[in-house]
Structures are given as structure tokens and as C-alpha cells.
Amino acid sequence: MPATSNWQKWIDDMNIQIDLRQVVYALSDALDLVGVDDFHHGKRVGLMAVECGRALGLGDPALDTLFDAGLLHDCGVSSTRVHQHLVNELDWDGAQEHCDLGDELLSGFAPLAHLAPLIRHHHTHWDALSQLDLPESTALFSNLIYLADRVDALAAPHYGQPSLLFYKEEIRATIAGLGGNFFAPRLVDAFLAASRNEAFWLRLEPRHIPQGLQDMVQRRQPGQVDFPQLKQLALIFSRIVDAKSAFTVEHSLGVSALARHLAEKLGLPAETCDKLEIAGLLHDLGKLQVPDEILEKPAALDPKERAAMSRHSFETYQILRRIPGMEDIARWAAYHHEAPDGEGYPFHRRGSELPLEARIVSVADVFQAMAQNRPYRGAMAPEKILRHLKELAAAGHLDAPLVDVVESDLDACWRAATSVS
């Protein structure tokens, strides 16, 4: 129980209200990482859908829905291989799988559940979509996301290049030719009207995307989520990250559960345990940018591959630090590869610069990773994991007192790290 003087702060912390809009915008950055070096796809789709919606005469609530659907339409994609298919091919037979997964991920989260059917159908051709028993707005909105998504795939090679405006008429002609088959004719007409001016295209260039996002943020009312809802949203994104490789399925869940277990074992306050649970779920967000072939390489990484891998915790920090109210979670999650001796990455924090909570996530991350199969080795037994943890602690790479806590409670730590299904 917190001391009396800290009681009100504890109550306040447990009732922190996080702006759902800021969380969605920040986490859309995580989805954009899957493109590796092609950023802003979801934001461009959202901005294009809004401009086309305005051409249709839609009001602000509908435009908000379109924008959020654009940001999150690819939430079922974590594989860089799948992303390459989606951006390099106008139509792809395997596209529906990520639509179904996105629908599944969002349908159980009440604040965003209205987006789920739009995401399910955002690769369905209009000639098939129009025959389904769907509300008219669902059919039109999902098809509009599909249209904007395909426009972006056609335009992507030209952003930031003098060729963008030169190729805009070719792109417009391609979309016009798909009316009635891929896309609803009225949506094609709206796109042709909205995209006639050069500003439509220039707003999609990398240096102008932040302004477009800021414009959307400023005109919208905040939508608050409490900590239980934030945890639910963090669970959704942990599934996206962990689905990137068969070898990392449920890794973030295990790190989260073990981090909370260790925090409770240490007697940390309840709000700290809650935040650590969320930090564990989100610690690997930046790993979405790591190419599949690196994560699944059945051998040691070469120096170039290791350098690519070393980016991910910094990317996690950049994503989470933008969300007001999640500053602690951002640090604890992003420091999971830091070390007490200062030889970790990406900030080289050392000693007192490294909070206890970050050390907890670090120990939980190493423990859980060793408890799972990896392409270059099998899962380790608890006793072998403990020996390895002790070696890392002796070398200054992990917090030695925390490793002692693990040793004193090894079976329970193992269950927390692995019994997450």
C-alpha cells in the first residue's frame, strides 16, 4: 500500500486518461515501419481518403472514420515480404489474409471496432463487394480505402521526385479504367475530382505529411481511453509484432507477464506493475522494421544485419514518446537492450541512468527469448536460462539483483514467461 502522502498520486496515476487519437497516430508509425524504407503509407491512404470523402460531400464524422481506417488498414501486416507484394502488385491473390487478420484484431476493441468491417473488405473488388449484404457506408468506405491504397502503390516510386506530377495523369487514368470492377464508379469520380489539382499529390510527399497529420489532429476532439483499454490496444499491437515471425509468436506477451511478475515480487506499486505490463507488450514495436530474413536467419547475424537489428529499440522509443501520458512506458520499453555497464544500445545508458523498471523489462526480454525456439537454436530449459542470465549479470550486461530474484523464483518466472496462451 502506498504511503498516505503518495495515496492521491497513486489514485491519479491509475486513472490517467490517454488520448486514443494520439495512440492511433503514434502506432500508425509502427505499421509504417513494415515498409522498411517506405514510410507514411497508412497516413497517405488516410489523407487521400479524406480528400475523396470531401469531394463526395461527407461530413466530419465520416471523414474521421475514413482517416482512422486509412491509418490502420494494414494492421494485419507485419511481414516485410507481404508488404512487398502489396506495394508492388496492383492485385494480389494473398491480400485477403491480412484483411481478415486486421478485422479480427480490431473487432474486439470497442473504441475502434467500427473500423473492423472496413479493414476486412479493403481489398475486395467493387463488383463482388456490391453484392454483399453490407450497409452502404461500409461498402463505400472500405472500397474508398482500397482505392486510396492502390493509388498510393502506383504513386510510391515518385514521391519526392520531379516525376510525381508528370505521372499523376497516368495514375488517374489507371484508376479510371478500374471503375465498376475494382472500384465503385462514384468513388472513381470523387477521386478524379479531388486529384485533378497538383496540391492533392504534393501533400502526399514526405516533408508535407506531418502538416497533414497535424491538421487532422487539431480539428478532432480527443477520445479518451483508460488503462484497461490501453492495455487491450497494446495487446493488439503485440500480436502484430509477434506475428512477424513464427519464432517470436507470443514473445511480447511473455515479456509482459514476466515483467509484471518480477515487479510484483519486488513489491512495486500497482500502477508501476500496470505500466510495466504495457511496456513489455510494446517493447518490440520497432522490430516491425527489421526484414523477415534477418529475424528468421538460422545462423548468427553478420555485422550489417546486426546493425539493422540494433535500430529497433530506438524506433520503439520514437513511436511511444509521442503519446502524452506514456513517457515512463516509452523509456522502460525502449531501454530493454540497455545494460548496467553502459554497453547496451541505442542510448548507452548506465548505472543510475537506467531505471529499475527498464532493467526488469531487459531481464524479462532475455529470459523469454531463451525460453522460445529461435531459428538458430531450440528453447532452453529454465536451469540453462538461469546460468546464462548469471553470466550476463557477472559481465555487467544485466542487473545482478534482479537475476537473484529470478533464481529465487525460477519455476514461477518460467511459467510467467511461457504460459501465455
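The values are calculated or read from the model by the stated rules, or taken from the named source; none is laboratory data. Since the model is a prediction, treat every value here as computed from it, not as a measurement. Quick reminder, even Gly has a Cβ in these numbers, built from the backbone with ideal geometry, and neighbours come from all protein chains shown. Heavy atoms of the whole protein, side chains included, go into the accessibility calculation; ligands, DNA and RNA do not. Shrake-Rupley method; radii C 1.70, N 1.55, O 1.52, S 1.80 Å.
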Positions within segment 119-138 being in a helix (DSSP H, G or I) and open to solvent by less than 10 Å² (accessible area, probe 1.4 Å), in sequence order | 119, 129
Quick one: how many residues across segment 230-241 are in contact (Cβ under 8 Å) with a residue 60 or more places away in the chain, buried (at least 22 other Cβ atoms within 10 Å of the Cβ) and touching a Ser or Thr at 6+ places or on another chain (Cβ under 9 Å)?
-> 3
If only one of 402, 398 is more than 30 Å from residue 217 (Cα to Cα), in contact (Cβ under 8 Å) with a residue 24 or more places away in the chain, in a loop (DSSP other than H, G, I, E, B) and open to solvent by less than 20 Å² (accessible area, probe 1.4 Å), which one is it?
-> 398
Looking at this structure, is residue 207 open to solvent by 10 Å² or more (accessible area, probe 1.4 Å) and not in a helix (DSSP H, G or I)?
-> no
Scope segment 357-378; condition open to solvent by 50 Å² or more (accessible area, probe 1.4 Å) and under 27 Å from the mean Cα position of the chain (by Cα); matching residues = 373, 376
Out of (1) more than 17 Å from the chain's Cα centre (by Cα); (2) open to solvent by less than 30 Å² (accessible area, probe 1.4 Å), the one residue 297 does not meet is (2)
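I'd like to verify a number: residues in segment 392-409 that are of a type outside the set (A, V, I, L, M, F, W, C) and within 16 Å of residue 365 (Cβ to Cβ), how many?
Adding up the residues that qualify gives 2.
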Residue check, residue 245 of a type outside the set (A, V, I, L, M, F, W, C) and either touching a Phe, Trp or Tyr at 6+ places or on another chain (Cβ under 6 Å) or buried (at least 24 other Cβ atoms within 10 Å of the Cβ) (or both) = no
Assuming residue 87 fulfils every condition listed in (1) out of contact with any Cys (no Cβ under 6 Å at 6 or more places or on another chain); (2) at pLDDT 95 or above apart from one, which condition is it?
-> (2)
Residues of segment 210-229 satisfying the condition of being touching a residue at least 12 places away in the same chain (Cβ under 8 Å), under 13 Å from residue 64 (Cα atoms), charged (D, E, K, R) and surrounded by 12 or more Cβ atoms within 10 Å (Cβ to Cβ) = 220
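Would you mind finding the one in 199, 190 that is part of a helix (DSSP H, G or I), without any contact (Cβ under 8 Å) to a residue 12 or more places away in the chain and among the aliphatic types (A, V, I, L, M)?
On the way: 190 fails: without any contact (Cβ under 8 Å) to a residue 12 or more places away in the chain.
Selected residue: 199, the only one of 199, 190 that is part of a helix (DSSP H, G or I), without any contact (Cβ under 8 Å) to a residue 12 or more places away in the chain and among the aliphatic types (A, V, I, L, M).
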Are there any helices (runs of 4 or more DSSP H) wholly within segment 273-342 with 1 or more residues that are in contact with a Ser or Thr (Cβ under 8 Å, 6 or more places away or on another chain) and closer than 19 Å to residue 34 by Cα, and if so which?
-> 292-295, 327-334
If you check residue 352 against the conditions, is it under 24 Å from residue 317 (Cβ atoms), more than 24 Å from the chain's Cα centre (by Cα) and not in a loop (DSSP other than H, G, I, E, B)?
-> yes
Name the residues in segment 210-251 that are farther than 12 Å from residue 21 by Cβ and part of a loop (DSSP other than H, G, I, E, B), would you?
-> 226, 243, 244, 245, 246, 247, 248, 249, 250
Quick one: would you say residue 357 is in a loop (DSSP other than H, G, I, E, B) and either in contact (Cβ under 8 Å) with a residue 12 or more places away in the chain or more than 22 Å from residue 268 (Cβ to Cβ) (or both)?
-> no
Assess whether residue 108 counts as being buried (at least 17 other Cβ atoms within 10 Å of the Cβ), under 21 Å from the mean Cα position of the chain (by Cα) and either under 22 Å from residue 177 (Cα atoms) or of a type outside the set (Phe, Trp, Tyr) (or both).
-> no
Give the residue, chosen from 185, 162, that is farther than 29 Å from residue 79 by Cα, surrounded by fewer than 19 Cβ atoms within 10 Å (Cβ to Cβ) and in contact with a strand residue (DSSP E or B) (Cβ under 8 Å, 6 or more places away or on another chain).
-> 185
Under 7 Å between Cβ atoms, at least 6 apart or on separate chains: pull out the pairs that start in segment 367-388 with a residue that is more than 16 Å from residue 257 (Cβ to Cβ) and end on any residue that is modelled with pLDDT of 95 or more and surrounded by fewer than 18 Cβ atoms within 10 Å (Cβ to Cβ).
-> 386/407; 386/410
